[in-house]
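The values are calculated or read from the model by the stated rules, or taken from the named source; none is laboratory data. Source: prediction; values computed, not measured. Cβ placement follows ideal geometry from the backbone for every residue including glycine, while neighbour counts extend to all protein chains displayed. To get the accessible areas, we keep the full protein, side chains included, count just its heavy atoms, and leave off ligands, DNA and RNA. Shrake-Rupley method; radii C 1.70, N 1.55, O 1.52, S 1.80 Å.
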Amino acid sequence: STARQVFGSFGFREIRVPIMEKTELFKRSIGETTDIVEKEMYTFRDRDDELLTLRPEATASIIRAYIEHNMHSCDQITKLYTMGQMFRRERPQKGRFRQFHQIDAELFGDEKPQSDAEVIFMLVHFLESTGIEELSLEINSLGCKACRPVFSQAIVNYLKGEEKALCPDCQRRMNTNPLRVFDCKVESCNLVIAKAPQILDYLCSDCKEHFTQVKSYLTDLNVAYGINPKMVRGLDYYTRPAF
């Protein structure tokens with residue numbers, strides 16, 4: 001109820017998306033080399049031999065609905081949120097469940113840094129409204145399709161010769177999704193990655209300026225933050241600011 005109140009006050013409308021979608025939607029949008037697609041999705045065939053998947057996250061479904069129903073033709077900027085059950089199959093992390101609830105907010109039609117700052121500010125305001133105290137906000141930039149591949153290659157070059165110190169998952173990720181190495185919780189991998197290149201040093205001029213402006217807007221909004229250059233996201237569709 002707090003989420004509905006806060007998100008509504010920021011101009012976001014609720015959208016309800018199916019609990020089940022065609023598997024190809026998630027494989028194409030999340031990325032075939034991500035842990036979610038490779039290991040964590042509940043997928044099965046229906047009577048027509050079509051692959052279906054219980055949704056592991058909400059963004060792909062919301063974007064599918066946004067495109068399918070031509071929402072861009074109604075409003076230049078579209079703000080949507082959803083909440084409901086998500087499903088992850090294999091080896092849930094400690095404290096997580098195979099069926100869990102998630103709240104998701106999406107803003108379409110505006111790539112300006114103001115929108116990034118607005119979504120971050122809204123989340124902080126929402127969490128504070130629930131009574132959660134001692135919040136800590138960390139931000140980073142993941143670059144774009146121009147500069148992130150350069151950084152990914154730098155990580156691969158850095159890890160070459162260190163394969164024996166990496167866990168089996170990171171040895172595989174090194175060739176498929178090298179940024180995921182930063183997410184690993186294995187101590188030997190953390191020791192290797194501690195002195196790895198940082199993505200903030202590889203940002204193109206546009207991404208660097210975008211990130212600078214996001215930080216400036218957060219300061220203007222009195223939102224305290226710390227920069228965590230090793231924070232990444234495991235899904236392929238993430239670009240620029242992550243938090």
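Residues in the stretch 136-170 that are in contact with a helix residue (DSSP H, G or I) (Cβ under 6 Å, 6 or more places away or on another chain) and either farther than 23 Å from TYR202 by Cβ or of a type in the set (A, V, I, L, M) (or both): ILE155, VAL156, LEU159, ALA165, LEU166, CYS167.
Within the stretch 120-135, residues that are at negative phi reach partners that are assigned to a helix (DSSP H, G or I) and surrounded by fewer than 11 Cβ atoms within 10 Å (Cβ to Cβ) with beta carbons closer than 8 Å, at six or more positions or on different chains, in the pairs SER129/GLN5. Does the stretch 218-232 include one or more residues that are open to solvent by 70 Å² or more (accessible area, probe 1.4 Å), assigned to a helix (DSSP H, G or I) and not hydroxyl-bearing (Ser, Thr, Tyr)? The answer is yes, given that some residue of the stretch 218-232 is open to solvent by 70 Å² or more (accessible area, probe 1.4 Å), assigned to a helix (DSSP H, G or I) and not hydroxyl-bearing (Ser, Thr, Tyr).
As a summary of the residue check, ALA154 satisfies the conditions (1) within 21 Å of TYR237 (Cβ to Cβ); (2) of a type outside the set (Phe, Trp, Tyr); (3) surrounded by 17 or more Cβ atoms within 10 Å (Cβ to Cβ); (4) touching a residue at least 40 places away in the same chain (Cβ under 8 Å) except for the one numbered (1).
Could you list, in sequence order, the residues of the stretch 14-57 that are under 19 Å from ILE103 (Cβ atoms), in contact with a Leu (Cβ under 6 Å, 6 or more places away or on another chain) and modelled with pLDDT of 90 or more? Once the filter is applied, which keeps residues that are under 19 Å from ILE103 (Cβ atoms), in contact with a Leu (Cβ under 6 Å, 6 or more places away or on another chain) and modelled with pLDDT of 90 or more, the stretch 14-57 yields only ILE15. Picking from residues in the stretch 188-217 that are among the basic types (Lys, Arg) and part of a helix (DSSP H, G or I), the one that is most open to solvent (accessible area, probe 1.4 Å) is LYS208.
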